[in-house]
Amino acid sequence: MSDPSSNYRRLALFAVVALAACKKAEQQAPVPTPAPPVIAPVAPDAAPVAIDAGAQADVELLHAIPTRIRVSSTVANPKILPAHIADGDLTTAWNSKTGELVGAWIEITLGEGAEAHELRMTAGFTAKGPKNEDWFTMNPRIKKVTVEADGKAAGTFTLDVANRGLQVFAVTATQTVRLTIAEIAAGSKKTWREASISEIELWGRPPAGWSAPKVPLDPFVGVGEESLPSAPDDPCAEIDARREAFIAEHANDHHEGPGGEDHNYPPRCDLFEVSAPDDLPEPWRGAQSYCEVNDEIYGPKRCTILISRGTESAWVEIEHEAQSAVMKGQLEAKDVVPSSPGPELVVHIDHPNGASVAVCRSAPKLGCSAPILVRDENAGWTTRERFDKTGALVLDKLTGDPPAGALGVHPLVWPN
């Protein structure tokens, strides 16, 4: 059996062999049958089909352009991950939660400008266990699926449950492809009641102007329906009540005499500017920012950036002693942490004392590192920022005379 990952290494060659591939595919594909359509098994390394002689040849889209996959559920086993559904490895698999068989689903969202033409998938978990036990026949196998393309029914398809390779059927979509398991073949291990797919591929035409990535991309794989977070609560919603409570508490204070004018003042809440790309990648949803001023005259001023991932949030805080301090933030999506599926969000914060950098990660646990000073306006020094292979922030001297502790490697510290 060929390694499906070899498909990815041949992306750049498809335009050259498109016409030959078309002839080869015609020889392998059976004549279409009446409804319900039957999947035509093909070898995992079968060549894709070009749309026409002048068009871009089809490529495996999941690893050629940014795409998203969502699965209905995942088994309670930390060694079996949702991402295994599209990792190029037939010895791994996505498994649904125990008991979810018929009705389990997978949805793929394409990148803008792409068009899907073929879906390829295995009918089950094709690996063997450590004692050579056959996980393919022991687990339930997928016998029939219903498919929706761009939200519309595209047919019901039957898989060959004796075929361990990738099986293919035609589907045309430009936005989403969703398949739902409609029938299963029971496995020999009756207590194993999870739907399994060792690998799924989506072949089609990439966007205009596409060029093959230097290394295959990894699709984002999430669990459950994609839910947009509700509008965040107004972070300053309670400030009026707090101000009224403060004023009532200090209604009888006297401020006459020397130093009497130097007293506490009510709190205040301000919003401050945070800019972010319009197309933040999965799983990030955006940011909300606000500054809480403990004393509207004297400060201090504590500013918070809330980073949203789905319905969850992490945060970065920075404080300045002056209530009038002007803060600005900017978000940048960047692959920083090698062990994380990424990308992370790099948070740049400008403040009167200079500038600081923090990093927010989505896995293994959502959180943001503490801000690290990268520019000191008071001392007159700046640094050049970069991240090393371990994900640590490295600061090199740029201007001025940074103290020794400011330069060098700064490992990112995550909240517990």
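The values are calculated or read from the model by the stated rules, or taken from the named source; none is laboratory data. Bear in mind the structure is a predicted one, so any value in this text is a computation, not a measurement. Here Cβ is always computed from backbone atoms with ideal geometry, including for glycine, and neighbour counts include all displayed protein chains.
Every residue, every condition in (1) part of a strand (DSSP E or B); (2) among the acidic types (Asp, Glu), yes or no:
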| site | (1), (2) |
| --- | --- |
| Val347 | yes, no |
| Asp350 | yes, yes |
| Ala358 | yes, no |
| Ala363 | no, no |
| Thr383 | yes, no |
| Asp396 | yes, yes |
| Asp401 | no, yes |
| Val409 | yes, no |
| Val413 | no, no |
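Within region 137-152, being farther than 16 Å from Ile106 by Cβ and touching a strand residue (DSSP E or B) at 6+ places or on another chain (Cβ under 8 Å) holds for one residue alone: Asn139. The set of residues from region 109-131 being more than 30 Å from Asp279 (Cβ to Cβ), of a type outside the set (Gly, Ala, Ser) and modelled with pLDDT of 95 or more comprises Thr122, Phe125, Thr126. Restricting region 157-182 to residues that are more than 20 Å from Glu60 (Cα to Cα) and buried (at least 16 other Cβ atoms within 10 Å of the Cβ), the residue that is nearest to the chain's Cα centre (by Cα) is Thr180. Filtering Gly103, Gly124 for residues that are surrounded by fewer than 17 Cβ atoms within 10 Å (Cβ to Cβ), assigned by TED's automatic domain parsing to the domain that holds Ala57 and within 27 Å of the chain's Cα centre (by Cα) leaves a single hit, Gly103. Considering (1) without any contact (Cβ under 8 Å) to a residue 40 or more places away in the chain; (2) part of a strand (DSSP E or B); (3) touching a Gly at 6+ places or on another chain (Cβ under 7 Å); (4) not small (Gly, Ala, Ser), the lone condition that Glu148 does not fulfil carries the number (3). State all residues of region 265-306 that are surrounded by 19 or more Cβ atoms within 10 Å (Cβ to Cβ), more than 28 Å from Pro364 (Cβ to Cβ) and among the aliphatic types (A, V, I, L, M); if no residue qualifies, say none. Correct list: Val293 only. Could we say that Ala406 is surrounded by fewer than 18 Cβ atoms within 10 Å (Cβ to Cβ), small (Gly, Ala, Ser) and either touching a residue at least 24 places away in the same chain (Cβ under 8 Å) or under 14 Å from Val316 (Cα atoms) (or both) here? Considered against the rule, which asks whether it is surrounded by fewer than 18 Cβ atoms within 10 Å (Cβ to Cβ), small (Gly, Ala, Ser) and either touching a residue at least 24 places away in the same chain (Cβ under 8 Å) or under 14 Å from Val316 (Cα atoms) (or both), Ala406 comes out as no.
Inspection of region 328-336 identifies at least one residue that is under 28 Å from Glu292 (Cα atoms), of a type in the set (Lys, Arg), under 28 Å from the mean Cα position of the chain (by Cα) and at pLDDT 85 or above.
Which residues, taken from region 293-330, are in a strand (DSSP E or B) and more than 21 Å from Ser369 (Cβ to Cβ)? Across region 293-330, the qualifying residues are Val293, Lys301.
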